[in-house]
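The values are calculated or read from the model by the stated rules, or taken from the named source; none is laboratory data. Keep in mind that what you see is a predicted model, and the values were worked out from it rather than measured. Here the Cβ positions follow ideal geometry from the backbone for every residue, glycine too, while neighbour counts run over all protein chains shown. All accessible areas refer to the heavy atoms of the entire protein, side chains included, with ligands and DNA or RNA removed. Shrake-Rupley method; radii C 1.70, N 1.55, O 1.52, S 1.80 Å.
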Amino acid sequence: MTPILSNNYYVNFQSDAYLKLNEFISTYKPSTLFILVDENTNSHCLPILLQEIATPITIEIIEIESGEENKNLETCTGVWNALTELGADRKSLILNLGGGVITDLGGFVASTFKRGIAFINIPTTLLSMVDASIGGKTGVDLGVLKNQIGLFSDPEMVLIDSRYLETLPKRELRSGLAEIIKYGLTYDTKVWNNINKFKEFNISELAPLIYRSIEIKNEITTKDPKEAGLRKVLNFGHTLGHAIESYFLEAKDKKNLTHGEAIAIGMITETYISNVLLNFPSEELNNIKKTILSIYNKVTINPSDYDAIIELLIHDKKNVNGQVNFVLLTKFENFKLDCKVEKELIVEALNYYNS
């Protein structure tokens, strides 16, 4: 696959990616090479990576606990301390090997340690391949509030190797599919029309969707790297989706949702709001709901949960002057940014999901 140029770095694919990685290490000559992993990527993905790295430079492994609940400043402090104890300096290089938590947190840690050291993202989940590792966003959560602390910082490169997907449970593959669905609804209907073919997650057949998703996100983020306008379209499904994800993370009587499971709910509810406010076709709305629910299990959201979910919307990082902003659709591939939505309609949308 042809490498994709994103701002000042390349997204490289499969075996060619490791050639580029080894070339970079040989040219950059880092003082120490660090690999950030969690317990899952340490067991299942690190052996693949270590076989591909060709360097005499010392390699140090830093492991954190997996899960969104560990994507916080406390974990960052642990990594910063580990880097310090292992003698990291401004010429060190960090390889972030993992899903969105690892690439978001690892990029943030690297960008702030000694005012910034080089890092490379090697996403190992479908979600992080098509979304989290592209576009220069790094950061961590503040309590249950998603991505409140962070900055824009580009990696030296991104490596995509579909072999890592073979280590994932089906639930994690489904989670990543939600971001691909988002690209299909907002930017390329051909992607949406192909979604039904990929429910069985034949990884070799997923490759074209992964590549196209990266192309789309790259096109958007290259035009608007700091989310001043167009890049906001990537938030479709994420306004309510993030609030629902945070609520389920916090509530003691709820089972945590994956990011994709929450965004799937967000896409159904925000398409409903699009139907009411912008006349998105009702037939297509119902088809979207039917298709998404055929991939993701229906989640129980009680009316008693609504107020707490809506309260979390107030803290969404995309808000301006206290106003919650939504991305809505007028039709496939046609969107409207910064839409204001009343609480009553949000409740109506949650009821539609439950119906």
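Contact order normalised by length for the chain, with contacts defined as Cα pairs under 8 Å and 6 or more residues apart; what percent is it?
On the way: 616 pairs, mean separation 50.0, N = 355.
Once normalised by length, the contact order is 14 percent.
Given only helices, namely DSSP H runs of n ≥ 4 each adding -39500 (n - 2.57), what is the per-residue ellipticity at 222 nm of the chain, to the nearest 500 deg cm²/dmol? Please list the in-between numbers first.
Numbers: 13 runs with 165 residues, N = 355.
Counting only the DSSP helices, I get -14500 deg cm²/dmol.
If the chain between HIS44 and ASN287 were fully stretched, how many nm would it gain, using 0.36 nm times the residue separation less the Cα-Cα distance? Please report the intermediate quantities before stating the final value.
On the way: separation 243, 0.36 × 243 = 87.48 nm, distance 3.74 nm.
Fully extending the segment from HIS44 to ASN287 adds 83.7 nm.
Stokes-Einstein at 20 °C, 1.002 mPa s, Kirkwood radius from Cα pairs: D for the range 215-344 in µm² s⁻¹?
Numbers: Rh = 15.4 Å.
For these conditions, the coefficient is 139 µm²/s.
Assuming a viscosity of 0.890 mPa s and a temperature of 25 °C, what translational diffusion coefficient in µm² per second does Stokes-Einstein assign to the range 45-103, Rh being the Kirkwood radius over Cα pairs? Walk me through the numbers before you get to the answer.
On the way: Rh = 13.0 Å.
Translational D for this selection: 189 µm²/s.
Could you give the nm distance between label points at ILE314 and ASN334, where each point is 7 Å from its Cα heading toward the beta carbon?
Placing both labels 7 Å beyond Cα along the Cβ direction yields 3.6 nm.
Sequence gap at least 6, Cα distance under 8 Å: using those rules, report the relative contact order of the range 19-86 to the nearest whole percent. Provide the component values of the computation, followed by the final result.
Details: 49 pairs, mean separation 25.4, N = 68.
Reported relative contact order: 37 percent.
Determine the per residue accessible area of the chain with all protein chains present and a 1.4 angstrom probe, expressed in square angstrom.
On the way: 14820 Å² over 355 residues.
Normalised by residue count, the accessible surface of the chain is 42 Å².
Using the Cα gyration tensor of the range 1-143, with a ≥ b ≥ c the square roots of its eigenvalues, what is the shape: rounded (a/c below 1.5), prolate (a/b larger than b/c) or oblate (neither)? Walk me through the numbers before you get to the answer.
On the way: a/c = 1.42, a/b = 1.15, b/c = 1.23.
In terms of gyration-tensor shape, rounded.
To the nearest 0.05, what FRET efficiency results for LYS190 and ASP224 with a Förster distance of 25 Å applied to their C-beta separation?
On the way: r = 23 Å, r/R0 = 0.91.
Here the calculated transfer efficiency is 0.65.
Sticking with the crude label model, points 7 Å out along Cα→Cβ, report the distance from LYS343 to SER26 in nm, one decimal please.
Here the answer is 6.3 nm between the modelled labels.
How big is the range 69-117 along each principal axis, measuring the range of its Cα positions in Å and listing the largest first?
Result, largest extent first: 28, 18, 17 Å.
Indicate, rounded to the nearest 5 percent, the antiparallel portion of the DSSP beta bridges found entirely in the chain. Please report the intermediate quantities before stating the final value.
Working: 13 of 34 bridges.
Percentage antiparallel, nearest 5: 40.
Relative to the present Cα-Cα distance, how much length would full extension add between ILE59 and SER355 at 0.36 nm per residue of separation?
Numbers: separation 296, 0.36 × 296 = 106.56 nm, distance 5.34 nm.
Stretched out fully, the ILE59 to SER355 stretch lengthens by 101.2 nm.
Return the carbon/sulfur percentage of the accessible area of the chain, one whole number, probe 1.4 Å, all protein chains in place.
Values: 7180 of 14820 Å².
Within the chain, the accessible surface is 48 percent carbon and sulfur.
Can you give the Rg to Rh ratio of the chain, both from alpha-carbon atoms, with Rh computed by the Kirkwood formula? If you can, show how the numbers build up before the last one.
Values: Rg = 19.9 Å, Rh = 20.7 Å.
Reported Rg/Rh (Cα atoms, Kirkwood Rh): 0.96.
Hey, rough spin-label estimate for ASP307 and THR77, points 7 angstrom out along Cα→Cβ, what's it come to in nanometres?
3.4 nm
Please check: in the Gaussian network model of the chain (C-alpha springs, under 10 Å), which one of THR269, THR186, THR58 has the largest mean-square fluctuation.
Judging by the Gaussian network model, the answer is THR58.
How large is the convex hull of the Cα atoms of the range 257-297 per residue, expressed in Å³ as a whole number?
Details: hull volume 2.1 nm³, N = 41.
Given the Cα convex hull of the range 257-297, per-residue volume reads 51 Å³.
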